[in-house]
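Encoded as structure tokens, the structure appears first; notes follow it.
The values are calculated or read from the model by the stated rules, or taken from the named source; none is laboratory data. None of the values given here were measured: they were computed from a predicted structure. Counting neighbours? That spans all protein chains shown, and the Cβs are built from the backbone with ideal geometry, glycine included.
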């Protein structure tokens, strides 16, 4: 799978995912907070399916 997310993009996704999951786990937000799994996983693997669909690449190593 090709990496299409840069370092900053990935870090923001991981942090946002962890925050959402943490808020859901503590009951601060509803069960919808577990949607934080999506940005957590996309940040961890470095590939965003939506970026692939639209041809976006935030990884400076893959830019031409």
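Assorted remarks:
- Hits in segment 27-41 (condition: outside any helix (DSSP H, G or I) and touching a helix residue (DSSP H, G or I) at 6+ places or on another chain (Cβ under 9 Å)): 28, 29, 30
- Here residue 28 meets each of (1) within 30 Å of residue 60 (Cα to Cα); (2) loosely packed, with under 12 Cβ neighbours inside 10 Å; (3) without any contact (Cβ under 8 Å) to a residue 60 or more places away in the chain with one exception, condition (1).
- Residue check for residue 36: modelled with pLDDT of 95 or more and out of contact with any strand residue (DSSP E or B) (no Cβ under 7 Å at 6 or more places or on another chain): yes
- Of all residues in segment 1-11, those satisfying the criterion of being surrounded by 14 or more Cβ atoms within 10 Å (Cβ to Cβ) and in contact with a helix residue (DSSP H, G or I) (Cβ under 9 Å, 6 or more places away or on another chain) are 3, 4, 5, 9, 10.
- When segment 42-64 is filtered for residues that are surrounded by 14 or more Cβ atoms within 10 Å (Cβ to Cβ) and outside any loop (DSSP other than H, G, I, E, B), the ones remaining, listed by number, are 42, 43, 51.
- In this structure, residue 14 does not qualify as part of a loop (DSSP other than H, G, I, E, B), surrounded by 14 or more Cβ atoms within 10 Å (Cβ to Cβ), touching a helix residue (DSSP H, G or I) at 6+ places or on another chain (Cβ under 7 Å) and at pLDDT 95 or above.
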